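Derivation of every value follows stated rules applied to the coordinates shown; laboratory data play no part. Computed from a prediction, not measured in an experiment: that's the story for all the values here. Glycine gets a Cβ as well: all are built from the backbone with ideal geometry, and neighbour counts include every protein chain shown.
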């Protein structure tokens, strides 16, 4: 149970425009990248394989295969560096974590669409 003061401070840091997405969804995450004194937005697209935490500490893990190598990246949902999250397609899954997809390739790693 959180203190009421801590809860009030945390509520001011939460984003209100976060779309509803679940594990198994293909998403495009727009992330701010700082290079020297410039900032640009880079898109990271992949499959959501996990969601962890709650409140301002909530994170999600996105997996993609690039040049035959699986790459996973963890994003905080309420981070100021995550500018936008777009849901491309929704997948039908029966697990809370999709870590088993790490060992699968090509057609084996496909999920059914809702």
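The share of alpha-carbon pairs in region 62-114 lying farther apart than 17 Å comes to 50%. Counting every other Cβ atom within 10 Å of each residue's Cβ, 17, 25 order from fewest to most as 17, 25. Of the options (1) 13.8; (2) 16.2; (3) 15.5, only one is Kirkwood radius over Cα pairs in Å as computed from these coordinates, and that is (3). Note on residue 66/residue 13: beta-carbon distance plugged into 1/(1 + (r/R0)^6) with R0 of 30 Å gives a FRET efficiency of 0.40. If I take every Cα pair under 8 Å that is 6 or more residues apart in the chain, average their sequence separation and divide by the length, what percent do I get for the relative contact order? Dividing the mean separation by the residue count of the chain yields 28 percent.
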